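So the structure is just underneath, and the comments pick up after that.
None of the figures in this text is laboratory data; all of them are computed from the coordinates on show. Everything numeric here is computed off the predicted structure, so don't read it as measured data. Cβ placement follows ideal geometry from the backbone for every residue including glycine, while neighbour counts extend to all protein chains displayed.
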Amino acid sequence: MTNSLSIIDTQKISAYGDLPCLVHHIRGRVRFRIYRLKDDSDYAANLKEFLLAQPKINGVRVNRVAASIAINYSYTSSSLTEIASNLTKLIQQAKTTNLKVGNAQPTKNKTSELENWSSLTLPVFTTIVSWLSNQSALVWLRPLALASLFTVTFPILKRASQSLWSDRKLNIDCLDLLAVGLSYGQGKLVTPALVITLHELGDVIRDRTARSTETQTADLLDAIGHFAWVLREGKPVQIKSDRVEVGETVIVYPGGQISVDGEVLKGLATIDQQQLTGESMPIVADVGTMVYASTLVRSGQIYIRADRVGKQTRAAASMELLQNAPVHDTRMANYASQLADKLIFPSLVLATVVLGITKEPARAASILTLDFVTGIRVSMPTAFLGALNHNTRHGILVRSGRTIEQLAEIDTVVFDKTGTLTQGQLTVVGIQTIPGRMSAQQVLTLAAAAEQRITHPVAEAITNYAKSQNINIPGRQQWNYEVGLGIRATVEDKEILVGSDRFLVQEGISLECLETKAFPLRHTCDLERKSASSEWLSLIYVACDGKLQGVIQYADPLRPESPALIKSLQASGREIHLLTGDNQQRAKIVAEELNIPLDRVHAQAFPEQKAAIVRDLKLAGKTVAFVGDGLNDSVALAYADVSVSFANGSDIAREIADVVLMNNDLASLLQALNIASETKNLIEQNTILVVAPNLMALGLASSVGLNPLIATAVHNGSAIAAGLNSLRPLVKHQLEEQNYWSVQ
């Protein structure tokens with residue numbers, strides 16, 4: 001073979017850990033399989049950086065899902081075998097090279113936080129200098145205090161002027177400016193300085209609880225792959241994926257990402273569609289099968305007619321929906337400003353009437369000072385900040401105060417199935433053996449030996465389970481993998497077949513013993529199921545030397561925490577929906593396991609359909625939380641009132657999500673909902689703490705008169721009391737943690 005190396009020839013190269021195994025090679029491009037890539041992100045990043053630094057290597061693409069790395073090179077003089085050997089040596093050399101990966105983003109974030117808090121420096125300085133200037137020995141500080149107070153008042157003057165002249169309305173800044181002016185007139189500096197400081201504190205805290213309103217989405221090329229191999233003039237040519245023309249033939253090699261939507265013209269391959277549909281079970285694509293961009297070829301090689309390319313692909317359509325999704329202002333809703341708008345005019349009228357009758361500016365200043373708003377400005381964001389910190393301490397990332405508000409109102413929770421309610425990874429749940437033949441352990445050992453280093457989810461499930469049982473997996477000799485059927489291998493001089501029932505029948509293996517129920521189900525794992533339905537389980541058959549030895553049962557099991565969570569949410573009165581791209585039968589089985597009503601199960605839903613279902617629930621008056629982890633969930637996440645994902649979810653799901661469960665524990669969702677409800681109750685308490693004393697003080701100031709210092713004390717004291725009350729839950733939980741560790 002002059003222009004390529006066959007897959008069968010290169011299977012002689014073994015791959016253990018970080019040893020490369022050659023998968024595919026044509027002139028200019030080679031793909032290796034390195035199993036360490038799947039589990040070691042740092043190694044993957046270092047390897048890519050190291051290779052890109054080498055001369056004549058033009059591009060490197062790592063696919064950790066497929067445990068593969070594709071290298072584009074410009075060597076011309078060497079043979080393909082020599083090039084592959086040299087690249088293998090480079091990959092092995094990268095193990096001993098110490099490269100640093102990462103970025104400086106955390107430092108940038110810390111700098112931004114310091115800049116936020118620095119805005120308090122001048123108001124605090126003004127308050128201190130104003131207080132000191134009242135001391136007889138330090139009266140010389142008064143000019144400095146006046147200049148400093150004017151400086152911090154100027155932004156209020158600017159906002160008040162803009163409201164009056166541009167917006168043609170009064171706002172809370174107008175009241176603050178009048179109160180400061182009346183205090184100026186009386187020569188009082190401490191009161192306005194302290195009020196401004198408290199206002200600034202509330203603004204800083206509010207800003208710290210806010211997140212950017214710009215939704216960061218994954219680039220289209222990241223979703224469908226940066227490059228595609230196109231058949232032109234009878235030869236494969238690599239071009240950018242958005243340059244493929246409709247009608248062209250696209251070749252996808254093992255481990256490659258499909259970059260177009262279209263029909264398979266030639267070949268046979270196992271396709272992993274989880275990124276697009278959420279379905280954990282791969283499909284077998286042969287001639288006539290429709291395949292979609294952003295899905296992954298796990299094994300085999302196919303030729304695809306490009307029916308939809310670039311922005312016309314289903315994946316791109318999902319991206320466009322995402323970009324056009326309504327993005328709420330995630331800054332905490334400014335309840336204080338809303339309340340202030342309603343109280344501004346009555347406060348101004350009352351202060352004017354009192355000033356006109358009593359001729360006492362102090363009374364008017366007291367009334368203007370008692371605006372009910374400062375305490376709420378401080379206590380409300382403090383409550384949200386405490387809630388955000390509380391969530392963070394428990395491994396829950398909540399991006400904004402707005403999210404806390406919305407969480408407290410959630411009455412409907414919509415769950416994706418695969419990877420959300422289920423573990424998203426195929427797992428062996430039991431083994432059936434034929435009496436008088438091999439034991440369950442022997443069946444598992446032979447199956448794992450045959451399936452080792454095969455990048456198929458079922459093969460990985462079998463080998464991973466064998467390792468978890470501390471089984472010593474023997475080596476295999478000759479082997480041949482047939483896509484869509486199974487694998488034939490020689491293990492310890494025995495001929496082993498592992499695959500579908502169709503594969504065994506095709507090879508002349510009798511399955512008649514399975515038609516009776518004479519042999520028991522022998523579980524080799526601790527997982528037990530409430531449902532005995534055989535529909536839940538999928539089967540892989542194992543034969544040795546021409547005889548069926550047993551059947552391995554596998555499934556995508558529920559997360560251990562899913563049943564208790566669903567039960568708790570339903571007990572709280574919340575409506576639960578199951579929304580999945582999986583087929584109706586599997587969705588129904590999961591729903592029955594979790595006691596979710598079947599009329600709330602939505603199956604076989606592509607991303608745009610998921611978004612439509614979420615929109616319909618919202619139009620019905622529901623406040624909806626959507627929980628998902630994949631690219632296929634991203635549009636629904638964007639359209640939900642609150643979106644929830646996991647730390648190990650897709651990059652785009654984490655970027656969009658308002659809530660990220662950093663410990664990947666679904667039960668954390670219930671804790672986030674409880675914290676939000678607690679915060680809502682706290683805000684109601686704070687409102688009473690602020691409004692009640694200020695209302696009584698306002699009555700005294702209007703009737704019998706109230707010293708401005710007392711008004712300030714009531715006004716600021718209620719704000720401080722509400723602020724401390726906001727921190728109470730956080731302090732309580734900190735003390736509980738300290739007590740726990742002291743006991744330990």
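Counting 0.36 nm for each residue step from S468 to I710 and taking away their Cα separation leaves a gain of 80.0 nm.
Note on L120/W140: beta-carbon distance plugged into 1/(1 + (r/R0)^6) with R0 of 22 Å gives a FRET efficiency of 0.30.
Can you give the FRET efficiency for E263 and E678, using 1/(1 + (r/R0)^6), R0 = 60 Å, r = Cβ-Cβ distance, to the nearest 0.05? It comes out at approximately 0.65. Listed from fewest to most Cβ neighbours within 10 Å, the set M380, M662 follows the order M662, M380. Once you sort the root eigenvalues of the Cα gyration tensor of the range 38-83 as a ≥ b ≥ c, which label holds: rounded (a/c under 1.5), prolate (a/b larger than b/c) or oblate (the other case)? Since a/c reaches 1.5 and a/b is larger than b/c, the shape of the range 38-83 is classed as prolate. Put in order of Cβ neighbour count within 10 Å, fewest first, the listed residues H390, H715 become H390, H715. Phi-derived couplings, Karplus 6.51 cos²θ - 1.76 cosθ + 1.60 at θ = phi - 60°, listed residue by residue for the range 503-512: 5, 5, 4, 4, 8, x, 8, 7, 10, 4 Hz, with x used for Gly and Pro.
For I396, the residues whose amide H sits under 5 Å from its own are M662, ignoring neighbours fewer than 5 places away on the same chain, with H placed 1.01 Å from N.
Taking amide H atoms as placed 1.01 Å from N in the peptide plane, the amide H of S650 lies under 5 Å from those of G630, L631, each 5 or more residues away in sequence or on another chain.
Counting beta carbons within 10 Å around each of R308, R437 and listing the fewest first gives the order R437, R308. Across the range 412-422, rounded Karplus estimates of 3J(HN,Hα) from the backbone phi angles (6.51 cos²θ - 1.76 cosθ + 1.60, θ = phi - 60°) give 9, 10, 10, 10, 6, 8, 5, x, 10, 7, 9 Hz, Gly and Pro being marked x. Using a/c under 1.5 as the rounded threshold, could you call the range 392-443 rounded, prolate or oblate? The axes a ≥ b ≥ c are square roots of the C-alpha gyration tensor eigenvalues, and prolate needs a/b larger than b/c, oblate otherwise. Taking the square roots of the gyration eigenvalues as a ≥ b ≥ c, the range 392-443 is prolate.
Which of rounded, prolate or oblate describes the range 556-662 when judged by the alpha-carbon gyration tensor and an a/c cut-off of 1.5? Rounded, since a/c falls under 1.5.
Say R0 is 45 Å: what FRET efficiency, to the nearest 0.05, do E575 and L539 get from their beta-carbon distance? Rounded to the nearest 0.05, the efficiency is 0.80.
Between S568 and S78, the modelled label-to-label distance comes to 5.7 nm, taking each label 7 Å out from Cα in the direction of the beta carbon. Across the cross-link table entries K311/K610; K417/K622; K266/K467; K567/K610; K56/K89, which are compared at the Cα atoms, the separations over 25 Å belong to K266/K467.
Couplings 3J(HN,Hα) of the range 28-39, computed from phi: x, 8, 9, 10, 10, 9, 10, 5, 5, 4, 5, 10 Hz, in residue order, whole Hz [Karplus 6.51 cos²θ - 1.76 cosθ + 1.60, θ = phi - 60°; x for Gly and Pro].
For V237, the residues 5 or more places off, or on other chains, whose built amide H falls under 5 Å of its own are V230, L231, R232. Gain on full extension, evaluated as 0.36 nm per residue between I434 and Q477 minus their Cα-Cα distance, stands at 12.9 nm.
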